[in-house]
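Trainee: Please find one structure pasted underneath; my questions will follow.
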Amino acid sequence: MIHPALAALPILLLAGLPVRAATVYVASQQGAQVTRVEAGAVAGHATVAGAPATVAAGGGLVFLSHPDGQAITVADGATGAVLRRLPYKGQGFGLAASADGRTLFVADWSGHRIDRLSAADGTVEASAETGRDPAHIALDSAGRLYVADRESHQVSVFDAARMTRIATISVGTAPFALALSPDGRRLYVGNVRSNDLTVIDTGKLAALATVPAGAMPYGLAVSPDGARVFVTNQQAGTVTVLDAGPLTIAATVGVGRYPEGIVIEGGRAYVANWFSDSVSVLDLGTLKEVAQLPVAEGPRSLAVAAPAQETPR
């Protein structure tokens, strides 16, 4: 039986209604700030209490994890205004939200577990054990949840409705970042200590290939057509662009210092540069950096907040 909050996982577009452009949100951990970026330019900032590590979006809402503050901030996806702060008993790091914004999944880094929460009040609905030091999370439209278990060198796969683990897949050393292809058939895993990328077949729940990346691959994004994979290389200060079919390198793009999170929106890739206190903007057509946007200290994570027909408050 599918959990009610998961029934809205697919995003449906209603014909005939105007579509407002999506917004990119940037969490600056040391600067305790979230920055709103629209069409390649900074549109505003909002201060959040504590140090936000990871940002996720769903249902017109934005969620920020605070690993050291035992809390999760919920903000409005259109304005960035903080709506509420949810208590969380654990070192919450990785986040994923259901498409309707009503359900939140949180990886407890030190507790070695994943929790499913109500985004309305933070009530823990279910929990499941993961491997050691669960980092980032990916949620697909079929209700499967993927968790990068960094110190177990594996990806755990869960049925999100039942919160039961259905598989563990061995990957490289210290998996951290995850990204699904648009069709959900592939999961890309960035392994920060083996400097490579594991490609997982989500149908077979097995590794297809391992390919080299740059020094410390820390963030991942896939182009909307699934043709290219973008990997931030933290220690190299670059983004590796792979052709998804042959898994060969198409380009290497220089960005700021210590690039971490990366997202794609509106023909651009946005890269959070931790030590440069900036966001690099890459043109997807030319595969060149076209701008660096100044943000608060320590930008780490990014998320795309698509406009919602109705926003659950």
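The values are calculated or read from the model by the stated rules, or taken from the named source; none is laboratory data. It should be emphasised that the depicted structure is a prediction, and the values quoted were computed from it without experimental measurement. Here the Cβ positions follow ideal geometry from the backbone for every residue, glycine too, while neighbour counts run over all protein chains shown. Only protein heavy atoms, including side chains, enter the accessible area calculation; ligands, DNA and RNA are left aside. Shrake-Rupley method; radii C 1.70, N 1.55, O 1.52, S 1.80 Å.
Trainee: So Thr103 passes all but one of these: (1) open to solvent by 30 Å² or more (accessible area, probe 1.4 Å); (2) more than 19 Å from Arg36 (Cα to Cα); (3) touching a Lys or Arg at 6+ places or on another chain (Cβ under 7 Å). Which condition number does it fail?
Mentor: Exception for Thr103: condition (1).
Trainee: Right, next: Being open to solvent by 50 Å² or more (accessible area, probe 1.4 Å) and either over 18 Å from Val26 (Cα atoms) or part of a strand (DSSP E or B) (or both) is the filter here; which residues of the stretch 66-83 pass it?
Mentor: Correct list: Asp68, Gln70, Val82, Leu83.
Trainee: So which residues in the stretch 277-298 are closer than 16 Å to Val42 by Cα and among the hydroxyl-bearing types (Ser, Thr, Tyr), if there are any at all?
Mentor: Matches in the stretch 277-298: Ser278, Ser280.
Trainee: For the stretch 154-170, enumerate the residues that are under 21 Å from Thr54 (Cβ atoms) and open to solvent by 30 Å² or more (accessible area, probe 1.4 Å).
Mentor: Residue satisfying the conditions is Gln154 alone.
Trainee: Could you give me the residue pairs with C-beta distances under 7 Å whose first residue belongs to the stretch 174-194 and is crowded, with 24+ Cβ neighbours inside 10 Å, whose second residue is in a loop (DSSP other than H, G, I, E, B) and of a type outside the set (Val, Ile, Thr) wherever it lies, and which are 6+ apart or on separate chains?
Mentor: From the stretch 174-194, the pairs are Pro175/His153; Gly190/Ala213.
Trainee: Those residues that are out of contact with any Pro (no Cβ under 7 Å at 6 or more places or on another chain) and under 23 Å from Ser98 (Cα atoms), I need them from the stretch 36-60; list them, please.
Mentor: Matches in the stretch 36-60: Arg36, Val37, Glu38, Val48, Pro52, Thr54, Val55, Ala56, Ala57, Gly58.
Trainee: Right, another one. Looking for whichever is under 19 Å from the mean Cα position of the chain (by Cα), more than 23 Å from Ala138 (Cβ to Cβ) and modelled with pLDDT of 95 or more here; the options are Gly226, Gly298. Which one fits?
Mentor: Just one listed residue meets the conditions, Gly298.
The rows are residues; the columns are (1) within 27 Å of Pro52 (Cβ to Cβ); (2) surrounded by fewer than 16 Cβ atoms within 10 Å (Cβ to Cβ); (3) of a type in the set (Asp, Glu); (4) touching a residue at least 60 places away in the same chain (Cβ under 8 Å).
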{"site": "Asp196", "(1), (2), (3), (4)": "no, no, yes, no"}
{"site": "Pro212", "(1), (2), (3), (4)": "no, yes, no, no"}
{"site": "Gln234", "(1), (2), (3), (4)": "yes, no, no, no"}
{"site": "Gly237", "(1), (2), (3), (4)": "yes, no, no, no"}
{"site": "Pro259", "(1), (2), (3), (4)": "yes, no, no, no"}
{"site": "Ile264", "(1), (2), (3), (4)": "yes, no, no, no"}
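Trainee: Output the number of the condition that Leu293 fails; it satisfies all remaining conditions of (1) open to solvent by 10 Å² or more (accessible area, probe 1.4 Å); (2) not in a strand (DSSP E or B).
Mentor: Just one mismatch for Leu293, condition (2).
Trainee: Another question, if that's okay. Considering only the stretch 136-153, state which residues are over 18 Å from Trp109 (Cβ atoms) and surrounded by fewer than 20 Cβ atoms within 10 Å (Cβ to Cβ).
Mentor: Residues satisfying the conditions are Asp140, Ser141, Ala142, Gly143.
Trainee: Something else: Inside the stretch 151-160, can you point out the residues that are assigned to a loop (DSSP other than H, G, I, E, B) and closer than 23 Å to Ala303 by Cβ?
Mentor: Going residue by residue through the stretch 151-160, those that are assigned to a loop (DSSP other than H, G, I, E, B) are 153, 160.
Result: Ala160, single match.
Trainee: Another question, if that's okay. Looking at Gln309 and the list (1) open to solvent by 10 Å² or more (accessible area, probe 1.4 Å); (2) out of contact with any Phe, Trp or Tyr (no Cβ under 7 Å at 6 or more places or on another chain); (3) modelled with pLDDT of 95 or more, which single condition is not satisfied?
Mentor: Every listed condition holds for Gln309 apart from (3).
Trainee: For the stretch 111-150, what are the residues that are among the polar types (S, T, N, Q) and either part of a strand (DSSP E or B) or over 25 Å from Ala75 (Cβ atoms) (or both)?
Mentor: Ser118, Ser127, Thr130
Trainee: From the list Gly214, Gly172, Gly190, exactly one residue is at pLDDT below 95, within 20 Å of Thr248 (Cβ to Cβ) and not aromatic (Phe, Trp, Tyr). Which is it?
Mentor: So the residue among Gly214, Gly172, Gly190 that is at pLDDT below 95, within 20 Å of Thr248 (Cβ to Cβ) and not aromatic (Phe, Trp, Tyr) is Gly214.
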